[in-house]
Amino acid sequence: MDLIEIISGRIILEFLGASVRFLYFNLSTLSNNDDFRTFSSFWSPSGSTQKKNDNSDRNHMIGVIFLGTFVFILIIFNT
């Protein structure tokens, strides 16, 4: 059961990180007139295995930061 929880937790964090990166990048493109990027380019980009691993680590890191910040804000405003 612990293995399933670890794998599903990592997937949820990576999905959350990819979602945050997707929203940040595409909202900033509205003001900069850059090209729109699809969600799949943040979730699983095409390219080398090293690029995919770096992207996965970046999604995980941003997901942890976002989730930690969200929980911290919930604790502050609910006390």
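The values are calculated or read from the model by the stated rules, or taken from the named source; none is laboratory data. Fair warning: this is a prediction, and the values are worked out from it, not measured in the lab. Please note: Cβ atoms are built from the backbone with ideal geometry, for glycine as well, and neighbour counts cover all protein chains shown. Heavy atoms of the whole protein, side chains included, go into the accessibility calculation; ligands, DNA and RNA do not. Shrake-Rupley method; radii C 1.70, N 1.55, O 1.52, S 1.80 Å.
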Å² of accessible area per residue within the chain, as computed with a 1.4 Å probe and no ligands counted: 77
Karplus-derived 3J(HN,Hα), 6.51/-1.76/1.60, for each residue of region 15-26, Hz, glycine and proline x: 5, 5, x, 5, 5, 5, 4, 4, 5, 4, 5, 6
The chain - percent of accessible surface contributed by carbon and sulfur, probe 1.4 Å: 68
Farthest toward positive dipole pole in the chain [+1 Lys/Arg, -1 Asp/Glu at C-beta], among 48, 73, 61: 48
The chain: Cα Rg divided by the 2.2 N^0.38 Å rule of thumb: 1.28
Under Karplus coefficients 6.51, -1.76 and 1.60, residue-wise ³J(HN,Hα) of region 68-79 in Hz, glycine/proline x: x, 5, 5, 5, 4, 5, 4, 5, 5, 7, 9, 9
GNM flexibility winner over the chain from 30, 13, 67 (Cα, springs under 10 Å): 30
